[in-house]
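J.: So that we are looking at the same thing, I have put the structure below in structure tokens.
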Amino acid sequence: MSDIRKALEDLANGKIIVLTGDRLRGGDIDFAVAAKHANAEAINFMAKHGRGLVCLSLTPARAVKLGIRLINSGKERQSGRPFGQSIEAKTGVSTGISVADRAHTISVAIRDGATGDDITAPGHVMPLIAAAGGVKERPAAAEASIDLCRMAGAGDTAVICSIMREDGEMARLPDIEALIREFDLAVADIDDLLALLDKGDIPQ
């Protein structure tokens with residue numbers, strides 16, 4: 001079902017896609033959308049149909065500008081998940097947890113020239129600080145979402161959300177086939193993305 005070219009086209013057009021093939025999470029799958037298009041409607045879709053944690057994928061350089069550091073940057077008690085301190089927009093939110101508030105926080109964090117002065121912590125948006133080398137360094141959803149957005153000309157930030165089944169167990173692609181058909185969701189597999197990058201066959 002993976003179609004990188006359709007996924008890139010959809011990301012460029014503000015649509016949500018499905019990411020598969022995360023090598024570090026045992027086959028878990030995610031929704032992904034370019035952060036610049038992560039409005040309240042997109043966040044609500046992810047929260048409703050994904051049910052997992054809605055996260056903001058950031059490059060290390062952007063995380064530095066925002067003053068966001070890894071929660072655990074050491075080697076002890078390390079989960080391997082690159083979570084930064086949770087954030088909230090400094091202004092323009094109420095409780096912070098509504099989809100509108102989370103979309104606002106994301107828009108503030110990815111704004112050109114945004115710094116740590118624009119956000120507060122803790123908050124209701126969880127940043128993921130991707131590996132500097134992208135998906136070739138760390139073949140996981142955070143890195144893949146950023147690399148795909150870059151290739152699509154949709155910026156260098158993404159919003160992702162892990163997908164659960166209705167019973168709360170982690171979904172696999174066959175579990176959401178009906179959802180994929182209903183919403184015409186493109187699927188991008190990380191192995192297919194890596195193969196394209198290795199060959200230098202970057203879709204235009």
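J.: One residue is enough: does segment 188-195 have a residue meeting the conditions of a type outside the set (Ser, Thr, Tyr) and in a strand (DSSP E or B)? Break it down into steps so the answer makes sense when it comes.
T.: Taking segment 188-195 first, the residues of a type outside the set (Ser, Thr, Tyr) are 188-195.
Checking the rest, the ones that are also in a strand (DSSP E or B) come to 188-189.
So far as segment 188-195 goes, yes, one or more of its residues are of a type outside the set (Ser, Thr, Tyr) and in a strand (DSSP E or B).
J.: Continuing with this model, one more query. Name every residue in segment 63-91 that is in contact (Cβ under 8 Å) with a residue 40 or more places away in the chain and either in contact with a Phe, Trp or Tyr (Cβ under 9 Å, 6 or more places away or on another chain) or crowded, with 21+ Cβ neighbours inside 10 Å (or both), in order of residue number.
T.: Passing the criteria: 63, 66, 68, 70, 82, 84, 87.
To keep it simple, each residue is scored yes or no on (1) surrounded by 19 or more Cβ atoms within 10 Å (Cβ to Cβ); (2) closer than 14 Å to residue 107 by Cα; (3) touching a helix residue (DSSP H, G or I) at 6+ places or on another chain (Cβ under 6 Å).
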position	(1), (2), (3)
21	yes, no, yes
24	no, no, no
34	yes, yes, yes
40	no, yes, yes
55	yes, yes, no
58	yes, yes, no
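J.: Cβ-Cβ under 8 Å, sequence separation 6+ or interchain: first residue in segment 178-198 and farther than 16 Å from residue 160 by Cβ, partner of a type in the set (Ser, Thr, Tyr) and at pLDDT below 95. Which pairs?
T.: Once the first residue is farther than 16 Å from residue 160 by Cβ and sits in segment 178-198, its partners that are of a type in the set (Ser, Thr, Tyr) and at pLDDT below 95 give 192/2.
J.: Sticking with this structure for a sec: Tell me, yes or no, whether segment 40-56 has at least one residue that is touching an Asp or Glu at 6+ places or on another chain (Cβ under 9 Å) and in a loop (DSSP other than H, G, I, E, B).
T.: There is no residue in segment 40-56 that is touching an Asp or Glu at 6+ places or on another chain (Cβ under 9 Å) and in a loop (DSSP other than H, G, I, E, B).
J.: Okay, next question. Are there any pairs, at least 6 apart or on different chains, whose C-beta atoms fall under 7 Å, with the first in segment 1-29 and more than 25 Å from residue 82 (Cβ to Cβ) and the second surrounded by fewer than 16 Cβ atoms within 10 Å (Cβ to Cβ) and among the small types (Gly, Ala, Ser), and if so, which?
T.: Pairs that qualify, where the first residue is more than 25 Å from residue 82 (Cβ to Cβ) and the partner is surrounded by fewer than 16 Cβ atoms within 10 Å (Cβ to Cβ) and among the small types (Gly, Ala, Ser), are 12/153.
J.: Follow-up question, since we're still on this one. In segment 27-39, is there at least one residue being of a type outside the set (Gly, Ala, Ser) and in a helix (DSSP H, G or I)? Break it down into steps so the answer makes sense when it comes.
T.: So in segment 27-39, the residues of a type outside the set (Gly, Ala, Ser) come out as 28-31, 33, 36-37, 39.
Filter once more, keeping what is in a helix (DSSP H, G or I): 36-37.
Checking segment 27-39: at least one residue is of a type outside the set (Gly, Ala, Ser) and in a helix (DSSP H, G or I).
J.: Any residue that is touching a residue at least 60 places away in the same chain (Cβ under 8 Å) and under 16 Å from residue 58 (Cβ atoms) - is there at least one of those in segment 110-119?
T.: Let us first name the residues in segment 110-119 that are touching a residue at least 60 places away in the same chain (Cβ under 8 Å), namely 110.
Now drop any that are not under 16 Å from residue 58 (Cβ atoms), which leaves 110.
There is at least one residue in segment 110-119 that is touching a residue at least 60 places away in the same chain (Cβ under 8 Å) and under 16 Å from residue 58 (Cβ atoms).
The values are calculated or read from the model by the stated rules, or taken from the named source; none is laboratory data. Note that the structure is a prediction, hence the values are computed from the model and not measured. Cβ sites come from the backbone with ideal geometry, for glycine too, and all protein chains shown count toward neighbours.
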